[in-house]
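Asks: Next up is a structure, given as structure tokens.
The values are calculated or read from the model by the stated rules, or taken from the named source; none is laboratory data. The structure presented is a predicted model; accordingly, all values stated were derived computationally and were not measured. Virtual Cβ from ideal backbone geometry, glycine too; neighbours counted across all protein chains shown.
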Amino acid sequence: MKATKTMLLGAALLALASGCGDDAAKQQFTVYGLKDDGRSVYSLGTWPDLSAGTTPLFDVFAPEDRQLDPDKFQIFTGGYLANDGKRLLSGYTKPDVTGKVAVHTLEGSSTQYVSIPGNFTAVGNDGTFYVSGLQGASFSSGSAVYALRDQTPQLVMVGSQDSASGPLAIATNGAAVFGYADASANYENVLPLVAPSLYGPDKAAVTSFSGPLGLSGVFDIAGFRDGIAALQGSQDPQTFKRHYDGVVRVPLKVEGDLVKTSGLTALVLRFADQCSRVSLEGSMGDDLLVRISDPQGKDAHLVRIAIKKDAKNPTRSAATDCATAQRDPVLGTLELQTGFVVESSAALPEGVGAVTAVPVAQ
């Protein structure tokens, strides 16, 4: 894991389904948010009626580490939040890349802390978390993905010593992308595909996988129905300034122990200019949830995007000046592409972000 990544004090938000139904658009979701201090998690209400939480559910930092000061680089918040349907998970690391994840059970409101070195991000699926981290307590130990069903993390997948922790996503058909950053290629994210028959807390570590997925310039990924969405662009190697190109969706199919692409990669959102900021906040049922704001991260909205064949959307021209750019109240200066619709949206309270959604079984 790159030190620059672990230092990001991100805000994250997670939507956990609190209802069910055959029509995904009718499902209800309770929204939970990680404050921008990276250590306090709150309930923000029922989607799409969100408001700032007042009572924290749990502290991300373990009791023995709560005296450490992020402003003095004594501890680095992960800025991510995941759920597995019944629990919430977020984490932090220290300068020596040791770290812990906080696992909070919603029913009974109990929190446990589990050591996972270099924890960078996580995704939940069917009662299990998958955490992207490192094999050992050093930057050169290589990437690893851990499965966490109880208090004991199980090694799911390891990378070479030239790899660092990377993005994770799981599609509705179980196809997983357990990504890692290639340290020998300027930390470009590589996206191996793993079939559901090969990964889990009760299985041996994955030694073979499909792919990797042929996408370049990937900053982040998220499950999007039976496929994944990827935020793509480029980054200046000197200044680390990012230039965003768009969000694409890649459909995936599972054939035994293999995962394959099952159709053409489709552009979901196009950046007409750089006057909007986007982050992938995870799945909401079959749909994709994104956060859209101005370049400074202000006026943030969560937008739920659904697949709808032949849906048409207006085009946009690039703005010459972001200060005077005409902004759509939901999409900002972004252009939604044919085949996708805005199912719903919500203004986001200050200081929270990122979501994922899991239907609750009856």
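Asks: Taking only the stretch 22-63 into account, find how many residues are out of contact with any strand residue (DSSP E or B) (no Cβ under 9 Å at 6 or more places or on another chain) and either of a type in the set (Val, Ile, Thr) or not in a loop (DSSP other than H, G, I, E, B) (or both). Even if it seems obvious, please write down each step before you answer.
Replies: Residues of the stretch 22-63 out of contact with any strand residue (DSSP E or B) (no Cβ under 9 Å at 6 or more places or on another chain): 22-23, 26, 36.
With the extra rule that they be either of a type in the set (Val, Ile, Thr) or not in a loop (DSSP other than H, G, I, E, B) (or both), the set shrinks to 26.
Going through the stretch 22-63 one residue at a time, the tally reaches 1.
Asks: Are there any pairs, at least 6 apart or on different chains, whose C-beta atoms fall under 7 Å, with the first in the stretch 208-225 and touching a residue at least 40 places away in the same chain (Cβ under 8 Å) and closer than 24 Å to Asn83 by Cβ and the second of a type in the set (Ser, Thr, Tyr) and surrounded by fewer than 20 Cβ atoms within 10 Å (Cβ to Cβ), and if so, which?
Replies: Filtered contacts from the stretch 208-225: Gly223/Thr172; Arg225/Thr172.
Asks: Can you find, within the stretch 223-252, the residue that is surrounded by the fewest Cβ atoms within 10 Å (Cβ to Cβ) among those that are among the β-branched types (Val, Ile, Thr) and in contact with a Leu (Cβ under 8 Å, 6 or more places away or on another chain)?
Replies: Per the stated criteria, the residue is Val248.
Asks: Being among the acidic types (Asp, Glu), in contact with a Phe, Trp or Tyr (Cβ under 9 Å, 6 or more places away or on another chain) and outside any helix (DSSP H, G or I) is the filter here, so list the residues in the stretch 64-88 that pass it.
Replies: Passing the criteria: only Asp84.
Asks: If you don't mind, there's one more thing I want to ask. Only one of Ala346, Ala319, Ala306, Ala323 is among the aliphatic types (A, V, I, L, M) and part of a loop (DSSP other than H, G, I, E, B); which? Give the derivation first.
Replies: Working: Ala346 fails: part of a loop (DSSP other than H, G, I, E, B); Ala306 fails: part of a loop (DSSP other than H, G, I, E, B); Ala323 fails: part of a loop (DSSP other than H, G, I, E, B).
Going through Ala346, Ala319, Ala306, Ala323 in turn, just one is among the aliphatic types (A, V, I, L, M) and part of a loop (DSSP other than H, G, I, E, B): Ala319.
Asks: Then there's this: The conditions are (1) of a type in the set (Phe, Trp, Tyr); (2) under 19 Å from the mean Cα position of the chain (by Cα); (3) modelled with pLDDT under 95; (4) over 27 Å from Thr98 (Cβ atoms), and Tyr187 fails exactly one of them. Which is it?
Replies: Looking at each condition in turn, Tyr187 falls short on (4).
Asks: Moving on. Return the residues of the stretch 83-112 that are surrounded by 15 or more Cβ atoms within 10 Å (Cβ to Cβ), small (Gly, Ala, Ser) and modelled with pLDDT under 95; say none if nothing qualifies.
Replies: Gly85
Asks: I'd like the residue in the stretch 45-68 that is at pLDDT 95 or above and among the charged types (D, E, K, R) and, out of all such residues, is farthest from the chain's Cα centre (by Cα).
Replies: The residue in question is Glu64.
Asks: Now a separate question. Confirm whether Ala122 is closer than 24 Å to Val303 by Cα, at pLDDT 90 or above and among the hydrophobic types (A, V, I, L, M, F, W, C).
Replies: Yes.
Asks: Being part of a strand (DSSP E or B) and among the aromatic types (Phe, Trp, Tyr) is the filter; apply it to the stretch 216-249 and report the residue that is farthest from Leu193 (Cα to Cα).
Replies: Tyr244
Asks: Separate question: Give the residues of the stretch 69-82 that are on the phi < 0 side of the Ramachandran plot and either surrounded by fewer than 24 Cβ atoms within 10 Å (Cβ to Cβ) or over 20 Å from the mean Cα position of the chain (by Cα) (or both), sorted by residue number.
Replies: Asp69, Pro70, Asp71, Lys72, Gln74, Ile75, Phe76
Asks: Across the stretch 172-204, which residue is farthest from His243 (Cα to Cα) among those that are surrounded by 15 or more Cβ atoms within 10 Å (Cβ to Cβ) and of a type in the set (Gly, Ala, Ser)?
Replies: So, considering only residues that are surrounded by 15 or more Cβ atoms within 10 Å (Cβ to Cβ) and of a type in the set (Gly, Ala, Ser), the one farthest from His243 (Cα to Cα) is Gly200.
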